[in-house]
Amino acid sequence: MAKKILWLDNDPVLIDDHVNALREQGYEVTVKTTAMNAETHIRDHHYDLLILDVMIPTKNEEEEKVYEPEKTNYGYKTGLLFYRRMKDELAKAGTQVLVMRIKLDKEILDEFVAEGIKPEHITTKFALRNVDVFCDKIKAILSK
C-alpha cells in the first residue's frame, strides 16, 4: 500500500516538481493550501507524513478567528500554530512531520523542537531544492 503524504503549503506551484517526483516513486500526495483545509483532511484521513510549510497566510476572516494574526505573527508562524493544534491527532495516527520553510532562524527551530519535532525534521526549502535529495529525505523519514 502506498504511503500517504499531506503537504500543507500555500504556494503549490512552487512544489509541483517535488510532488510529481513523490508520486512517481509511488507515494500518494495530497496538497492543501490553507491550515483549515489541512485540519479537516487530517481529521478525515490517515497520513504517514505531514510536510508542513511554516509561513501560511490566512485567506479569510473565518480562518483568522482560529489562526489569529497576532498569534501567527501575521502568517510568519501559522505552521507552528497549526502543529500545536494538530499535535495530538498527528501523534495518535503515527504521522511523521517534516517542517520546511524558506528561511530557518533559530527562534522558529527552537519553537518546533520545544513542541517535540526532531531537529533533523526541520529544514529549509533551499536545502531540499534538489528533487533527488528531497525524495531521499522523505524516504529516510518514512522508513523509521
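Some notes on this structure:
- For the chain, the orientation-averaged shadow of the C-alpha convex hull comes to 8.1 nm² (one quarter of the hull surface).
- In this simple spin-label approximation, Thr33 and His46 carry label points 7 Å from Cα along the Cα→Cβ vector, and these lie 3.0 nm apart.
- Dipole magnitude (debye, nearest 20) for region 4-142, charges at Cβ of Lys, Arg, Asp, Glu: 260 debye
- Label-to-label distance for Ala91 and Glu62 is 3.0 nm, based on points extended 7 Å past Cα in the beta-carbon direction.
- Placing a label point 7 Å from the Cα of Lys4 along the Cα-to-Cβ direction, the residues of region 41-82 whose backbone N falls under 16 Å of that point are 41-51.
- Length-normalised contact order for the chain - Cα pairs under 8 Å, 6+ apart - percent: 23 percent
- Label positions at Lys144 and Glu111, each projected 7 Å from the Cα along the C-beta direction, are separated by 2.2 nm.
- Restraint check, Lys59/Lys92; Lys77/Lys125; Lys87/Lys125; Lys4/Lys92; Lys4/Lys87; Lys3/Lys32, Cα-Cα greater than 25 Å: Lys59/Lys92
- Exposed GluC sites (Glu not before Pro) absent: longest stretch of the chain, with sites in DSSP loops and at most 15 other Cβ within 10 Å deemed exposed: 1-69
- Chymotrypsin sites (Phe, Trp or Tyr not before Pro) within region 64-144: DSSP coil, no more than 12 neighbouring Cβ in 10 Å: Phe126
- In the chain, the longest principal axis of the Cα atoms and the axis of helix 131-142 are about 80 degrees apart.
- Local net charge near Ala114, Cβ-Cβ under 11 Å (Lys/Arg +1, Asp/Glu -1): -3
Every number in this text was worked out from the coordinates using simple rules, so none of it is lab data. Only a predicted model underlies this, so the values are computations on that prediction, with no experimental measurement involved. Heads up, the Cβs are rebuilt from the backbone with ideal geometry, glycines too, and the neighbour counts pull from every protein chain shown.
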